[in-house]
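Asks: Have a look at this one.
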Amino acid sequence: MKQTGLALLVLAVMSLVTACSPDNSDKTVRSVTTREFTKNEQVKAPDNNSKDTTTSKEYVEKFSYLKQLSLEKQEAFTRFEEERKRSYLYNFTPEDMVLVYLYCLSIGDPDLLYDITFNGGQLPDKDKFREDYFEYAMTYDSETAVHYRYYDSIKVDESTSEENKVTVLVTVSIETTTHSLALGLQKEDQIWKMDIYHLIIEYMEKANQSKTG
């Protein structure tokens, strides 16, 4: 009888152990799964933030006045930069050339600016132009390029336009204030060129007045 009772007791204990094992195993699996899920979520969040930051950064870096032109004219101007052949700019409108001008200001390239500036017998040689530009005009022009980046419109002032001479108005609105920039262009060598050398002269005169004053 004692042996039979002992055997029954052993069987009862084994049955309890077997019944408890699946529960404990399930709890372990769920616990691991929960920890891994939490870890994945923590990794995923920085990745999303990083992606958003990169996208935003790329958008800022890629802005260019040139990209406001059609793809065809972007390519034409790129070739003009490389080869300096005026024929690439024959089809550019006055508004297109103003975008090109603002692009030149934004990158601070006086040599490129020289090639699109109306001469009319008034320009000095390229070396003198470059020297005067860096010394007197570059700071003002950089501010202009930034200020009008979010322009509302660029259009010819039809009331003052002539066959080979026009004024293009660039307008930007900042809250309740509107600013306009009037830029003259004249046709020369079969392309519209910026009539802006007088602005550099004005900057030079202003600097000389500051020195003597």
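Since every read-out is calculated from the coordinates, none of them should be taken as a lab result. Being a predicted model, the structure only gives us computed values, none of them experimental. Reconstructed Cβ throughout: ideal geometry from the backbone, glycine too, with neighbour counts over all protein chains shown.
Asks: State to the nearest 20 debye the size of the charge dipole of segment 160-213 about its Cα centre, where the only charges are +1 on K and R beta carbons and -1 on D and E beta carbons.
Replies: Numbers: 5 positive and 8 negative charges, 38 e Å.
Charge dipole, segment 160-213, about its Cα centre: 180 debye, nearest 20.
Asks: Additional query: Please give me the summed charge of the neighbours of SER87: other residues whose Cβ is under 11 Å from its Cβ, Lys and Arg +1, Asp and Glu -1. Show your work: numbers first, answer last.
Replies: Values: positive: ARG79, ARG84, LYS85, ARG86; negative: GLU83, ASP189.
Net charge in that neighbourhood comes out at +2.
Asks: Are any of the pairs LYS67/LYS155; LYS126/LYS155; LYS126/LYS193; LYS155/LYS187; LYS73/LYS193 more than 23 Å apart by Cα-Cα distance, and if so, which?
Replies: On the way: LYS67/LYS155 17 Å; LYS126/LYS155 29 Å; LYS126/LYS193 16 Å; LYS155/LYS187 17 Å; LYS73/LYS193 16 Å.
Correct reply: LYS126/LYS155.
Asks: Then there is this: What is segment 153-213 by shape, rounded, prolate or oblate, if you read a ≥ b ≥ c off the alpha carbon gyration tensor as root eigenvalues and call it rounded for a/c under 1.5, prolate for a/b larger than b/c, and oblate otherwise? Please list the in-between numbers first.
Replies: Numbers: a/c = 3.24, a/b = 1.24, b/c = 2.61.
In terms of gyration-tensor shape, oblate.
Asks: Roughly what would the spin-label model give for SER87 and ASP125, points 7 Å off Cα along C-beta, in nm?
Replies: Here the answer is 2.9 nm between the modelled labels.
Asks: For segment 121-176, go through all pairs of different Cα atoms, get the mean of 1/r, take its inverse, and jot down that Kirkwood value in Å. Write out the running numbers ahead of the final one.
Replies: Working: mean 1/r = 0.0713 Å⁻¹.
Answer for segment 121-176: a Kirkwood hydrodynamic radius of 14.0 Å.
Asks: About its Cα centre, what dipole magnitude does segment 75-163 give when the only charges are +1 on Lys and Arg Cβ and -1 on Asp and Glu Cβ, stated in debye to the nearest 20? Please list the in-between numbers first.
Replies: On the way: 9 positive and 21 negative charges, 36 e Å.
Using Cβ point charges on Lys, Arg, Asp and Glu, segment 75-163 gives about 180 debye.
Asks: Still on this structure: Quick check for me: using +1 on Lys/Arg Cβ and -1 on Asp/Glu Cβ, what's the dipole size of segment 70-126 about its Cα centre, in debye to the nearest 20? Walk me through the numbers on the way to the answer.
Replies: On the way: 6 positive and 11 negative charges, 30 e Å.
Magnitude of the dipole: close to 140 debye.
Asks: May I pose another question? Sticking with the crude label model, points 7 Å out along Cα→Cβ, report the distance from GLN74 to HIS147 in nm, one decimal please.
Replies: Label-label distance for GLN74 and HIS147, simple model: 2.8 nm.
Asks: For a quick protection proxy, order the peptides 204-210, 80-86 by their average other-Cβ count within 10 Å, most packed first. Please list the in-between numbers first.
Replies: Working: 204-210: 11.0, 80-86: 13.3.
Result, highest mean Cβ count within 10 Å first: 80-86, 204-210.
Asks: Using only the Cα atoms of segment 65-213, construct the convex hull and provide its projected area averaged over every direction, in square nanometres to one decimal. Mind dumping the intermediate values first?
Replies: Working: hull surface 40.5 nm².
The Cα convex hull of segment 65-213, projected and averaged over all directions, gives 10.1 nm².
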